[in-house]
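The values are calculated or read from the model by the stated rules, or taken from the named source; none is laboratory data. None of the values given here were measured: they were computed from a predicted structure. Cβ placement follows ideal geometry from the backbone for every residue including glycine, while neighbour counts extend to all protein chains displayed. Quick note on the areas: whole protein, heavy atoms, side chains included, nothing else; ligands and nucleic acids left out. Shrake-Rupley method; radii C 1.70, N 1.55, O 1.52, S 1.80 Å.
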Amino acid sequence: MKLQKVSLRNNMVSVPKTIRVSIGSAMVLGLLKGKLDAVPTTAYLMTYRKGKCVANCGFCPQARTSHGRADMLSRISWPFFPTESVLDGIEKTVREGKMKRVCLQALNYPEVFQHLACLVDAIHKKTDVPISVSCQPLNSDNTRFLAEAGVERIGIPLDAATEELFDEVKGSSAGGPYSWKKQFELLDEAVKIFGRGRVSTHLIVGLGESEREIVRLVQQCFDMGVLPALFAFTPISGTALERMPQPSIQKYRRIQIARHLIVHGTAKYESMQFDGKEGISDFGVGKRALLQIVRTGEPFLTSGCPDCNRPYYNEKPSGPMYNYPRGLAEKEFSSVIHELGLSGE
Ligand code: SF4
């Protein structure tokens, strides 16, 4: 296929010739050979540029002052490929039913919205696969521009659970351009443009928040029509937060349950109880109902857009398995029940 110039709002911009692809997606798309422990059902792509992101999020190897590898995001490496080969791989694997969605992750740089719109257009010339974009709009025009370009869902990351942590990790104290208040305005506008439930946000567990703080934020997001997706903080070499530990699996499991209950309307933050250390002590549902929900395994699966399973994004293959990319095996259920302290129930 010949990559075309696309006219977007009177600017002639080209489809970027190169794009990064997560290593697992690259194998499914036929760009690399290798054996996969868990197969991604979404093709994860990331915008490519020579320099780093203009922002400076403390956990991110793409951050402006990070010394981390430029081909990394979280634990995953993202080699780059010619865009034409990636588009061909997407067309084929969507036709074969192997890929069900494309997720475009974007660094922050001046031409990023035009690049994203061109990529969406080029993908849709090949296949009508739904496309999610995870990016940082500067205003509602950027968001509307993506909706008009054919993006199905948008993710605008909050990452941190409180205003103070947000500022420390990605706001002005971190030398970054983002503000907590503005991020909520953008999320609110995105819900008006894309519709309730078609806007997501990423929340990272383990940046120093209490369980109460993050559960309260999950409820706030859900109430405004934003779907929160959970990530476990992952220290990456060369980033500002490279020495910070990952959260305990017990804390992560409790937050996964609380999120599941909230986004399914089974319980609310207001009906949950917290102990003296602001940890969850009661989920607001009876023990029997809680065990039934735990036994579905659903709270512990990767959260995010439909068909997003993001294998090993936060996890070493040796564990702990914060987000499962597929249904849990019997042995894994026993571990989860143990981690939640429900073994004797
Ligand atoms: S905006 Fe995204 S890519 Fe840029 S530093 Fe922050 S997390 Fe990394």
Legend entry - Cβ-based charge dipole, the chain, positive-most Cα from Cys305, Thr47, Ile236: Thr47
Legend entry - the stretch 219-345 - accessible surface per residue (Å², probe 1.4 Å): 47 Å²
Inset, instruction - Quote the FRET efficiency, to the nearest 0.05, computed for Ser179 versus Glu148 with a Förster distance R0 of 25 Å and r equal to the Cβ-Cβ distance. - result: 0.45
Inset, instruction - Out of all DSSP beta bridges with both ends in the stretch 13-165, state the antiparallel percent to the nearest 5. - result: 40 percent
Legend entry - Positive dipole terminus of the chain, leading residue within Ser173, Val28, His264 (C-beta point charges): Val28
Inset, instruction - Apply 1/(1 + (r/R0)^6) to the Cβ-Cβ distance of Asp37 and Gln292, taking R0 = 30 Å, and write down the FRET efficiency to the nearest 0.05. - result: 0.55
Legend entry - 222 nm mean residue ellipticity, helices alone, for the chain (DSSP H n ≥ 4; -39,500 (n - 2.57); rounded to 500): -10000 deg cm²/dmol
Inset, instruction - Mind checking the full-extension length gain between Ser343 and Asp121? Use 0.36 nm per residue of separation minus the Cα-Cα distance, one decimal, nm. - result: 74.8 nm
Legend entry - the stretch 8-79 - percent of accessible surface contributed by carbon and sulfur, probe 1.4 Å: 54 percent
Inset, instruction - Return the ratio Rg/(2.2 N^0.38 Å) for the stretch 18-161, where Rg is computed over Cα atoms only. - result: 1.01
Legend entry - For a label point 7 Å along the Cα-to-beta-carbon line of Gln273, residues of the stretch 285-316 with backbone N under 18 Å: 285-291
Inset, instruction - Run the dipole for the chain about the Cα centre, Lys and Arg Cβ at +1, Asp and Glu Cβ at -1, nothing else charged, and hand back the magnitude in debye, nearest 20. - result: 1000 debye
Legend entry - Beta bridges per DSSP with both ends in the chain, % antiparallel, nearest 5: 40 percent
Inset, instruction - With the Cα gyration tensor of the chain in hand, convert its eigenvalues to equivalent ellipsoid semi-axes via √(5λ) and list them largest first in whole Å. - result: 33, 23, 19
Legend entry - Lys, Arg +1 and Asp, Glu -1 on Cβ, resulting dipole of the stretch 1-147 about Cα centre, debye, nearest 20: 200 debye
Legend entry - Order of exposure, largest accessible area first, which applies to Asp37, Asp71, Asp159 with probe 1.4 Å: Asp37, Asp71, Asp159
Inset, instruction - Tell me the label-point distance for the pair Ser334, Asp128, using the 7 Å Cα-to-Cβ offset, in nm and rounded to one decimal. - result: 4.8 nm
Inset, instruction - Using 0.36 nm per residue of separation minus the Cα-Cα distance, give me the extension gain between Glu84 and Asp307 in nm, one decimal. - result: 77.9 nm
Legend entry - Globularity index of the stretch 90-202, i.e. its alpha-carbon radius of gyration over 2.2 N^0.38 Å: 1.13
Legend entry - Estimated FRET transfer efficiency (Ser172, Arg196; beta-carbon r; R0 45 Å; 0.05): 0.90
